[in-house]
Amino acid sequence: MNLDGVFEQLLEKPGIYIGYPSVTRAFAFLRGYASALDDLGIKDDSLVLREFQDYVWNRYGVNAPVNWAGIFLLYCFGNEVAAFELMAELWREFLATRQESDGSSIVS
């Protein structure tokens, strides 16, 4: 399964993948999954994590070396569950924006 599909599944059933809704755990899991694909030589054409990072930076006007999990935690005053929910909301917004711009869905 490609990374964007895993992202979707993680949002739908966080308990299965990361134990409970946590933006920090979600970020670590997704980065680990991407790293494992790379280590195994599996080419995932999706640049979803980089594109999502850029989207979040632009959305919040951030020009600093901080990942999207850190941005969500900042805006949610350190509340992991609220930050996870914000991540899900921004992910859906990101997908809608991508669909509008290229006419296709990135989720497989």
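The condition (being under 14 Å from the mean Cα position of the chain (by Cα), of a type in the set (A, V, I, L, M, F, W, C) and farther than 22 Å from Arg98 by Cβ) is satisfied by just one residue among Leu47, Leu73: Leu73. Within the stretch 1-44, the set of residues being closer than 21 Å to Ala96 by Cα, among the polar types (S, T, N, Q) and modelled with pLDDT of 95 or more comprises just one member, Gln9.
Of all helices (runs of 4 or more DSSP H) completely enclosed by the stretch 1-104, which ones contain at least 3 residues that are open to solvent by less than 50 Å² (accessible area, probe 1.4 Å) and in contact with a Ser or Thr (Cβ under 7 Å, 6 or more places away or on another chain)? Full working, then the answer.
Values: elements: 3-12, 14-18, 23-39, 48-60, 68-75, 80-102.
Helices (runs of 4 or more DSSP H) meeting the threshold: 3-12.
The values are calculated or read from the model by the stated rules, or taken from the named source; none is laboratory data. Nothing here was measured: the structure is a model prediction, and the numbers come from that model. Note that each Cβ is placed from the backbone with ideal geometry, even for glycine, and that neighbours are counted across all protein chains shown. The protein model used for the area step is the full one, side chains on, heavy atoms only, and it has no ligands, DNA or RNA in it. Shrake-Rupley method; radii C 1.70, N 1.55, O 1.52, S 1.80 Å.
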